[in-house]
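> Let me begin by handing over the structure; questions about it come next.
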Amino acid sequence: MIRHSIDRESPDRLYTITGGRSRVDTDVLDLVTLVIAECDPTPAMQSEHAAILRFCRTPRAVVEIAAHLRLPISVTRILLCDLLDAGRIVARLPAASASRRTHDVPYAHPDLLKEVLVGLRRL
């Protein structure tokens with residue numbers, strides 16, 4: 001996996017994008033939460049917020065948005081929370097993920113995840 005742009009990203013730029021915040025106060029947005037834009041971007045909007053709204057015209061997972069923006073997940077979650085608080089996006093858990101949370105069933109066994117990773121590396 002190539003991570004050039006994220007690893008070399010300026011900490012000053014990330015600090016500016018997030019307004020100095022390093023984490024969000026809510027657990028609403030996990031990696032597979034689907035995000036859908038509720039409106040179009042406005043001219044005065046922060047460029048990253050506008051990019052998210054354009055990209056999320058169809059449902060997108062948080063991890064997809066982070067990859068598209070080439071930003072760390074933590075920064076992307078902060079930006080998404082800004083838009084969620086402003087009512088500009090809607091966040092929904094995928095059906096399978098939502099049912100797991102209500103029954104407190106773990107996502108996957110770590111050994112299974114390791115086997116999948118080994119298989120992917122062999123490709």
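> In this structure, does Ser22 turn out to be at pLDDT below 90, farther than 29 Å from Asp12 by Cα and under 18 Å from the mean Cα position of the chain (by Cα)? I'd like the intermediate steps shown before the answer.
On the way: at pLDDT below 90: yes; farther than 29 Å from Asp12 by Cα: no; under 18 Å from the mean Cα position of the chain (by Cα): yes.
No.
> Quickly run through region 25-56 and pick out the residues that are loosely packed, with under 10 Cβ neighbours inside 10 Å and at pLDDT below 75.
Matches in region 25-56: Asp25, Asp27.
> Can you tell me which residue within region 1-19, out of those that are small (Gly, Ala, Ser) and in a loop (DSSP other than H, G, I, E, B), is modelled with the lowest pLDDT?
Initially, region 1-19 is screened for residues small (Gly, Ala, Ser), giving 5, 10, 19.
Still in the running and in a loop (DSSP other than H, G, I, E, B): 10, 19.
Details: Ser10: 68, Gly19: 71.
Going through the qualifying residues, I end up with Ser10.
The values are calculated or read from the model by the stated rules, or taken from the named source; none is laboratory data. Please read these numbers as outputs of a predicted model, since none were measured by experiment. Please note: Cβ atoms are built from the backbone with ideal geometry, for glycine as well, and neighbour counts cover all protein chains shown.
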